[in-house]
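Engineer: Input: one structure, supplied below.
The values are calculated or read from the model by the stated rules, or taken from the named source; none is laboratory data. It should be emphasised that the depicted structure is a prediction, and the values quoted were computed from it without experimental measurement. No Cβ is skipped: glycine too gets one built from the backbone with ideal geometry, and neighbour counts run over all protein chains shown. Calculation scope for accessible area: heavy atoms of the full protein, side chains included, ligands and nucleic acids excluded. Shrake-Rupley method; radii C 1.70, N 1.55, O 1.52, S 1.80 Å.
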Amino acid sequence: MTTALKLSNINKRYGDVSALLDINLEVNDGEFFSLLGPSGSGKTTCLKVIAGFEIPDTGEINLFGEDVSSIPPFNRDVNTVFQDYALFPHMNVKDNIAYSLKIKKIPKIEQEHLIEEILLTVKLHGYEQRKPSELSGGQRQRVALARSLINKPKVLLLDEPLGALDLKLREQMQIELKNLQRQFQITFIYVTHDQQEAMSMSDRIAIFNEGKIEQIDTPNNIYNKPKTAFVADFIGTTSIILKSNALKYFHYESSFSLRPEFIFINSDQNHDFNIEAQISDVQYQGSFYKILFKTNELELTSFFYPKTNQILDLTLGTKCKLSWDKKNITNLNE
Ligand code: ADP
Ligand code: MG
């Protein structure tokens, strides 16, 4: 497998703020790789370092085996799609897309051919003459994509490209983006703060927290084998039992994370862990209920699916027996 990108020991400070703290990662050629984390965790800074818009304080950026650390942005074989699209407002769709081809002095006839092809790909055929202001958010997003894809970069950097779109359109564009990535076989490095988006699109995800990477893994492992409390908590719903409580209530020697789908409510079977807790909040979620249980010191979230013949009194304060098995918990480093 070819390595498209390798970051080694990247550090970047802005004054007192450590935006990136010893970042190390490798992305394979053709991979859909996401940088996921809350706002301010260093994702955009990392992308800018890869693109060459920011110079790191230490470390090396390697693209396809070449150290590009001291190579300026326009000579790196990467292209960036920004959240705000950065289209030229006075130019129509066609000129926006053709811009980089003109700079590169690609012959006119070839330009026409490439533009035709890319317009079909991103479903903007017939929109050549429109200005960005005459397009919807989704269409503007497609122009921005077309403008980057037309350069056939080996690596495409995308910074929250769907952030400005409403939920329905975002979900539709997620599928289109993924299809484009497969079709062009370009390495995508995709920044998002939306865990659902990262989980559904990525081959692998790097979880960012305060400038550090907490875990790099497949979506499946990120969900089922989170390495830290931060990752377990950031991805999906989980209950985290810290070591002191794990010892006190379950004679268990490690902090652990427990997903809601593994908690049995009032089960009459034998399970490894059991505790009595009160219902303290009930959220209706359509096909199921999300229930928060409390004891004096613990909080546990479980799901209740009404279809399962089981009868459950959802009144706040109702006492339930909660049970789960050792095989379904994940030990946490912290
Ligand atoms: P994210 O994209 O994950 O939201 P950023 O990479 O934009 O995070 O920012 C990481 C940290 O670096 C934040 O604390 C941010 O305020 C800080 N930061 C980013 N860019 C600059 C800058 N140009 N000057 C000063 N601080 C910055
Ligand atoms: Mg950002």
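Engineer: Just the residues that are over 13 Å from Leu332 (Cβ atoms), among the hydrophobic types (A, V, I, L, M, F, W, C) and open to solvent by 30 Å² or more (accessible area, probe 1.4 Å), please, taken from segment 218-257.
Structural biologist: Leu247
Engineer: Mind listing just one residue for me: the one in segment 184-214 that is among the polar types (S, T, N, Q) and crowded, with 21+ Cβ neighbours inside 10 Å and, of those, farthest from ligand 2 (Cβ to nearest atom)? Before you say what the answer is, go through the steps one by one.
Structural biologist: Taking segment 184-214 first, the residues among the polar types (S, T, N, Q) are 185, 187, 192, 195-196, 200, 202, 209.
If we keep only those that are crowded, with 21+ Cβ neighbours inside 10 Å as well, we get 187, 192, 202.
Details: Thr187: 20, Thr192: 9, Ser202: 17 Å.
Checking each candidate, the answer is Thr187.
Engineer: Enumerate the helices (runs of 4 or more DSSP H) found wholly within segment 216-334, keeping only those where 3 or more residues are without any contact (Cβ under 8 Å) to a residue 12 or more places away in the chain and more than 30 Å from the chain's Cα centre (by Cα). Can you show your working first?
Structural biologist: Working: elements: 219-224, 229-234, 243-250.
Per the criteria, 243-250.
Engineer: Another question, then. Between a residue in segment 140-152 that is under 17 Å from Arg182 (Cβ atoms) and among the polar types (S, T, N, Q) and any residue that is outside any loop (DSSP other than H, G, I, E, B) and modelled with pLDDT under 90, which pairs come within a Cβ distance under 6 Å, given they are 6 or more apart or on different chains?
Structural biologist: Between residues of segment 140-152 that are under 17 Å from Arg182 (Cβ atoms) and among the polar types (S, T, N, Q) and residues that are outside any loop (DSSP other than H, G, I, E, B) and modelled with pLDDT under 90, the close pairs are Ser148/Asn79; Ser148/Val81.
Engineer: May I ask you to list the residues in segment 189-203 that are within 13 Å of ligand 1 (Cβ to nearest atom) and of a type in the set (Asp, Glu)?
Structural biologist: Result: Asp194, single match.
Engineer: Then there is this: Based on what the data block shows, is Glu117 open to solvent by 30 Å² or more (accessible area, probe 1.4 Å) and not in a loop (DSSP other than H, G, I, E, B)? Give the derivation first.
Structural biologist: Working: open to solvent by 30 Å² or more (accessible area, probe 1.4 Å): yes; not in a loop (DSSP other than H, G, I, E, B): yes.
Yes.
Engineer: Oh, and also: For segment 145-181: of the residues being within 16 Å of ligand 1 (Cβ to nearest atom) and surrounded by fewer than 19 Cβ atoms within 10 Å (Cβ to Cβ), which is modelled with the lowest pLDDT? So that I can check it myself, show each step before the final result.
Structural biologist: First pass over segment 145-181, keeping only residues within 16 Å of ligand 1 (Cβ to nearest atom): 157-164.
Among the residues that remain, those that are also surrounded by fewer than 19 Cβ atoms within 10 Å (Cβ to Cβ) are: 163-164.
Values: Gly163: 84, Ala164: 79.
So, considering only residues that are within 16 Å of ligand 1 (Cβ to nearest atom) and surrounded by fewer than 19 Cβ atoms within 10 Å (Cβ to Cβ), the one modelled with the lowest pLDDT is Ala164.
Engineer: Out of Glu26, Glu54, Glu60, which single residue is more than 25 Å from Leu180 (Cβ to Cβ), more than 10 Å from ligand 2 (Cβ to nearest atom), surrounded by fewer than 17 Cβ atoms within 10 Å (Cβ to Cβ) and in contact (Cβ under 8 Å) with a residue 12 or more places away in the chain? Step through it out loud before you land on a result.
Structural biologist: Details: Glu26 fails: more than 25 Å from Leu180 (Cβ to Cβ); Glu54 fails: surrounded by fewer than 17 Cβ atoms within 10 Å (Cβ to Cβ).
Within the list Glu26, Glu54, Glu60, the selection yields Glu60.
Engineer: Further question on the same structure: Here is a check on your reading of the model: is Val122 out of contact with any Cys (no Cβ under 7 Å at 6 or more places or on another chain) and within 16 Å of Leu180 (Cα to Cα)?
Structural biologist: Values: out of contact with any Cys (no Cβ under 7 Å at 6 or more places or on another chain): yes; within 16 Å of Leu180 (Cα to Cα): yes.
When the stated conditions are applied, Val122 passes them.
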